[in-house]
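Asks: Let me begin by handing over the structure; questions about it come next.
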Amino acid sequence: MKRVAGIAAAAVLVVLAASPAHAEAEHSCTVPAYLLATENPLPKIAEAFKARAPMRVLVVGSRSSALSGPDGTARSYPARFEVALRNRLPGIEISVTTDLHPKETAADVAGKLEKIAGEQHPTLVVWQTGTVDAMRAIDPDDFRTALDDGIATLQKAGADVILMNLQYSPRMETVLAASPYLDTMRVVTQERSVPLFDRFSIMRAWSEAGDFDLFAQARTIGVAARVHDCIGRALAKLVIEASHINPADLGVR
């Protein structure tokens, strides 16, 4: 089990690689519309927008929510998500902070969410999870219970919730049984009426479209930063669409 987890962890580390051509080219990273479509709303974000109140967003994540390097924080997807939201919603006070829990399972994090929400009072929590559970082969039923408990805790605290699933890596697929965890997250988001940011399918679509070569061996911070930027912008689009916000109401397109 330890060897499988180690191999899977290595696969996650190379997931943000890309070919030299794409490293130099301008990335498009268009997301198919169906991957951002959701019937599950974000009412707290919608209320904040209507009142022109501050939007406090908290990303509860793991290692893949961060980038290394001296400017890694500014180039990570939470930071790019904040920039994208501010660009789309000028005049609204928006903050995106992170609370990272490397090597912790969904159950580990779920047990801390009441304290986290009580201290930070977020309008929206983006809970990125699933990778550690898959690496450790946590029972999918236990994973589901943790997700249910965590979402219920956050909703009771008055926050909207988005679940974000695993990264996609062609190499990781050969050593990690991700499907049970991906399926569980889809079921839980429907039952709990919260949006799913399907990072796995989105990154696979980028790989298949040739936007990023996720088979490559090279590891470059620049390419990783571009992937994070794309994720941040896609996440901002999901938030705006799920909360039925019309940026035109602010006098912008």
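Asks: Conditions first: (1) of a type outside the set (D, E, K, R); (2) under 20 Å from GLU241 (Cβ atoms); (3) in contact (Cβ under 8 Å) with a residue 60 or more places away in the chain. ASN165 passes all but one, so which condition is the exception?
Replies: For ASN165, the exception is condition (3).
Asks: Out of the residues in region 191-211 meeting the condition of being among the hydroxyl-bearing types (Ser, Thr, Tyr) and touching an Asp or Glu at 6+ places or on another chain (Cβ under 9 Å), tell me which one is most open to solvent (accessible area, probe 1.4 Å).
Replies: SER193
Asks: Moving on to the next point. Which pairs do you get when a residue that is in contact (Cβ under 8 Å) with a residue 24 or more places away in the chain, found in region 124-137, comes within reach of a residue that is of a type in the set (Val, Ile, Thr) and part of a loop (DSSP other than H, G, I, E, B), reach meaning Cβ atoms under 6 angstrom, with the pair 6+ apart or on two chains?
Replies: From region 124-137, the pairs are VAL132/THR105; ASP133/THR105.
Asks: Can you report the number of residues in region 159-193 which are in contact with a Pro (Cβ under 9 Å, 6 or more places away or on another chain) and either farther than 17 Å from ASP108 by Cβ or aromatic (Phe, Trp, Tyr) (or both)?
Replies: Of the residues in region 159-193, 9 are in contact with a Pro (Cβ under 9 Å, 6 or more places away or on another chain) and either farther than 17 Å from ASP108 by Cβ or aromatic (Phe, Trp, Tyr) (or both).
Asks: Give me a count of the residues in region 66-81 that are modelled with pLDDT of 90 or more and open to solvent by less than 40 Å² (accessible area, probe 1.4 Å).
Replies: Within region 66-81, residues that are modelled with pLDDT of 90 or more and open to solvent by less than 40 Å² (accessible area, probe 1.4 Å) number 5.
Asks: Hey, another quick one. When region 229-252 is examined, which residues are found to be at pLDDT 90 or above and aliphatic (A, V, I, L, M)?
Replies: Of everything in region 229-252, those that are at pLDDT 90 or above and aliphatic (A, V, I, L, M) turn out to be ILE231, ALA234, LEU235, ALA236, LEU238, VAL239, ILE240, ALA242, ILE245.
Asks: Further question on the same structure: Is there a residue in region 207-215 that is at pLDDT 95 or above and farther than 18 Å from VAL31 by Cβ?
Replies: no
Asks: Quick one: in region 117-151, of everything that is among the acidic types (Asp, Glu) and open to solvent by 70 Å² or more (accessible area, probe 1.4 Å), which residue is nearest to ARG186 (Cα to Cα)?
Replies: ASP141
Asks: Conditions first: (1) under 17 Å from THR129 (Cα atoms); (2) out of contact with any strand residue (DSSP E or B) (no Cβ under 7 Å at 6 or more places or on another chain); (3) crowded, with 17+ Cβ neighbours inside 10 Å. LEU89 passes all but one, so which condition is the exception?
Replies: So the condition that LEU89 fails would be (1).
Asks: Please enumerate the residues belonging to region 152-178 that are part of a helix (DSSP H, G or I), touching an Asp or Glu at 6+ places or on another chain (Cβ under 9 Å) and surrounded by fewer than 22 Cβ atoms within 10 Å (Cβ to Cβ).
Replies: The answer is THR153, LYS156.
Asks: Checking the conditions here, which among LEU85, LEU36, LEU16 is farther than 26 Å from HIS121 by Cβ and modelled with pLDDT of 95 or more?
Replies: After applying the criteria, what remains is LEU36.
The values are calculated or read from the model by the stated rules, or taken from the named source; none is laboratory data. Note that the coordinates shown come from a computational prediction; the quantities given were computed from them, not determined experimentally. Virtual Cβ from ideal backbone geometry, glycine too; neighbours counted across all protein chains shown. Please note that ligands, DNA and RNA were not included when accessible areas were found on the heavy atoms of the full protein model with its side chains. Shrake-Rupley method; radii C 1.70, N 1.55, O 1.52, S 1.80 Å.
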